[in-house]
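Here's the structure we're looking at; comments come further down.
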Amino acid sequence: MRIIQLYSSLSYGDAIGNDILALDSIIKSKSYESKIYAEYIDSRISSEIATRFDEYKVQKDDVILLHVGGASKLNKWIKTVECGKKIMVYHNITPPEFFDPYSKKSADYCRTGLKQVEEMNQTFDMVLAVSDFNKQNLLDMGYTCPINILPILIPFDDYKKEPDSETINKYNDDYTNIIFLGRIVPNKKQQDVIKAFDSYQKNYNPKSRLFLVGNPRDFENYGEQLKEYTKRLGTKNVIFTGHTKFSEILAYYKLSDLFLCMSEHEGFCVPLVEAMYFNLPIVAFASSAIPSTLNGSGFLLKKKNSEITAGVMNKILTDNEFKSTILNNQNERLNDFTHEKVAELFWKYMK
């Protein structure tokens, strides 16, 4: 038996790509034959690790894990292929309504992807959903096969690497640093992060700084709107990092004091777990998969109100006992994402 992982676009260093590569290691650790195929493979990924999909020859006892995060010809192909078992790993697809005002191409890609997911609702023997939120999405689309929760595998060893010294030296001062990490895209709602930070800066702590770590690629118009919004508010020290090297990301995390997330759609939200790893207290809006990823840790906001959010931030940053309680809960939750625990779940479902 071979376990085959398929994905439309295998990128270097992104959450889904890391998950696929980590699962490949887990599968091979049990001496199973494991292969990765993709329509597109990042040039930084060795051909020994992944192969182009058009070279895949199906064997009748193959177990296929199809990772789904958008539209793909693989989503149509999987319905016709005959193999030992078909399993979908569902990472979620952003509702196109978030993208419609900014990028018709991106909106149509998501719209097509969601239609394809719904059309596959009788295709799989099992689904591995990376969050409870994703599971509910599939149930709403009429999926009747077993759906199990398998969190994304996160490369914690990478976080032990050296942070960028230039970034550390540039911002290593007595300012309080707030961070949000994520692509500059409309569903992440960076404008609400800016608004809450503006209230915190003006009402509590003028010596504060906001790191918005993310690339606006394909949504440069949204990125420019965020910068104009910051100017209109008169908010100071908002740093738009743009495309960021991994060592710089490590530096921003190490420099920061609190992670603020106001996103309105996440299939899992890896940066929440990264914030746990770097021992940053988390304040997050309770949308989509965020409550299930935090699972009782962090501080969840049920409504968006910039003044209330700023007050919560100030409470955490000035009350050591309150902060310690949040961090202790986050550290406990972080233990659920170890490779050992996720691997144990994976093999439990694969039996």
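The values are calculated or read from the model by the stated rules, or taken from the named source; none is laboratory data. Computed from a predicted structure; not experimentally measured. Note that we place each Cβ from the backbone using ideal geometry, even for glycine, and neighbour counts take in every protein chain shown. Side chains are part of the model used for accessible areas, which takes the heavy atoms of the whole protein and leaves out ligands, DNA and RNA. Shrake-Rupley method; radii C 1.70, N 1.55, O 1.52, S 1.80 Å.
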Pairs only if they're at least six apart or on different chains, beta carbon under 9 angstrom, first in the stretch 133-144 and of a type in the set (S, T, N, Q), second open to solvent by 80 Å² or more (accessible area, probe 1.4 Å); list them, first residue then second. 144/122
Any chance residue 263 is in contact (Cβ under 8 Å) with a residue 12 or more places away in the chain, polar (S, T, N, Q), in a loop (DSSP other than H, G, I, E, B) and in contact with an Asp or Glu (Cβ under 6 Å, 6 or more places away or on another chain): no
Among the residues in the stretch 15-35, are any in a loop (DSSP other than H, G, I, E, B), open to solvent by less than 20 Å² (accessible area, probe 1.4 Å) and aliphatic (A, V, I, L, M)? no
Residue ID - least open to solvent (accessible area, probe 1.4 Å), chosen from residues in the stretch 187-234 that are closer than 23 Å to residue 100 by Cβ and in contact with an Asp or Glu (Cβ under 9 Å, 6 or more places away or on another chain): 187
Filter the stretch 295-351 down to residues that are in contact (Cβ under 8 Å) with a residue 40 or more places away in the chain and acidic (Asp, Glu), then give me how many there are. 2
Flag for residue 293 being in a helix (DSSP H, G or I), over 25 Å from residue 152 (Cα atoms) and among the β-branched types (Val, Ile, Thr): no
Residue check for residue 78: out of contact with any helix residue (DSSP H, G or I) (no Cβ under 9 Å at 6 or more places or on another chain) and among the aliphatic types (A, V, I, L, M): yes
Residue list for the stretch 273-287, restricted to those being within 13 Å of the chain's Cα centre (by Cα) and buried (at least 24 other Cβ atoms within 10 Å of the Cβ): 275
The stretch 152-185, residues that are open to solvent by 20 Å² or more (accessible area, probe 1.4 Å), closer than 19 Å to residue 288 by Cβ and touching a residue at least 40 places away in the same chain (Cβ under 8 Å): 181
Return the pairs, sorted by first residue and then second, in which the second residue is of a type outside the set (A, V, I, L, M, F, W, C) and open to solvent by 30 Å² or more (accessible area, probe 1.4 Å), the first residue lies in the stretch 221-243 and is under 21 Å from residue 205 (Cβ atoms) and in a strand (DSSP E or B), the beta carbons are less than 9 Å apart, and the residues are 6+ apart or on different chains. 238/227; 240/216; 240/227
